[in-house]
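Everything on this sheet refers to the single structure shown next.
The values are calculated or read from the model by the stated rules, or taken from the named source; none is laboratory data. Bear in mind that the values here come from a model prediction, so they are computed numbers and not experimental data. Areas reflect the complete protein model, heavy atoms only, side chains present, ligands, DNA and RNA absent. Shrake-Rupley method; radii C 1.70, N 1.55, O 1.52, S 1.80 Å.
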Amino acid sequence: MKKNTTLHSLLKKISTAAALITLILSAFAYTAGSHNSQFDDVSKTWNQPVKPFRVIGNIYYVGAAEVSAFLITTPAGHILLDSGFAETVPQIKENVARLGFKIEDVKILLNSHAHFDHAGGLALLKEMTGAQLLASEMDAALLAVGGKNDFQWGDTLSYKPARADRLIRDKDRVELGGVQMIARLTPGHTKGCTTWTMKVKENGNEYDVVIVGSASIPGYKLVSNSGYPNIAEDYEQTFRVLKSLSCDVFLAPHGSFFAMKEKMKKLDMGAKKNPFIDPQGYRSYVERAEKTFRELLEKQRQAAKQT
Ligand SMILES: [Zn+2]
């Protein structure tokens, strides 16, 4: 009996330590903003399964703990935004089924940006569903080479290439079964990073949804970047666009950007007002991201002057 208790407490200690290490590792990844190797411990943490759920209206969350995937259902088939890692695809497939939908009914695949943690599974999803993949011109180019020759990551974060069937320009509309999504190009994080907007209805009210492409700056050179000379101008443009959007429901490619876990818990506990209706959360996210951008740009400009 005693032995068992000791063993149990030892195991508990080990698992607590492991959880702590994971936490430190993921905190490090956020700070450094990079993944050093493909599908490392951080990626595995990000890819932990979560219970799929209805976010609001016809938008469902079918992704993993930190890498999002959104299913937008329509009577004419579905739209799926983002694939997560290649390793996330089996979860997405299962999550779609758990919600009572069929992955084969996905007709359109969209992408927030062509990094391996959001686009790594698009090729597989395309094969699985036969859906049309729509992407911005610049990110379609990155998708076509599976993330290789990236201005920041080179060939280190590559994935199975996916060919886009249609190119999306700023303000283009994507329509399916009465649902309309509008693309807004928000470049910088990738050259073709795309923010998607749409309207949803719930309890007789209509809401503006913004699914941000990403405005984070994972260790990028904003000054004299030979691989992306207009990167700072692109971020400037992105903040102009993001600030111009009307947003009630704030969603993003990483759960931590929009406090997914906390909001999901509230929803689970039967919150009266849908916690994903969070215009203030959106404004704070954009403000924080812009502040980080301005500070980093200033720091890099000063450093460039001194050399
Ligand atoms: Zn990214």
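General remarks:
- Over the chain, the hull volume per residue, using the convex hull of the C-alpha atoms, is 155 Å³.
- Phi angles across the stretch 266-279 convert, under the Karplus curve 6.51 cos²θ - 1.76 cosθ + 1.60 with θ = phi - 60°, into 3J(HN,Hα) values of 4, 4, 4, 7, x, 3, 5, 9, 4, x, 6, 7, 8, x Hz, Gly and Pro given as x.
- For Lys305, the lysines whose Cα falls under 20 Å of its own Cα, not counting residues fewer than eight places away in the same chain, are Lys221.
- Mean sequence separation of contacting Cα pairs (under 8 Å, at least six apart), scaled by the length of the stretch 135-273, corresponds to a relative contact order of 18 percent.
- For the chain, the solvent-accessible area with a 1.4 angstrom probe is 49 square angstrom per residue.
- Residue by residue, the stretch 133-148 carries 3J(HN,Hα) couplings of 9, 10, 8, 5, 4, 5, 7, 4, 5, 6, 5, 5, 10, x, x, 7 Hz when phi is fed to the Karplus relation 6.51 cos²θ - 1.76 cosθ + 1.60 (θ = phi - 60°); x denotes Gly or Pro.
- Inter-part distance where the stretch 115-184 and the stretch 204-221 are each reduced to a Cα centre, Å: 17 Å
- Fraction of accessible area attributable to carbon and sulfur, the stretch 179-307 (%, probe 1.4 Å): 51 percent
- Comparing Leu109, Leu296, Leu143 in a Gaussian network model of the chain, where Cα atoms under 10 Å apart are tied by springs, the biggest mean-square fluctuation is seen for Leu296.
- From helices alone, the chain scores -12000 deg cm²/dmol at 222 nm; the rule is -39500 (n - 2.57) for each run of n ≥ 4 DSSP H residues, then divide by the residue total.
- Considering all different alpha carbon pairs of the stretch 83-216, the Kirkwood hydrodynamic radius works out to 15.3 Å.
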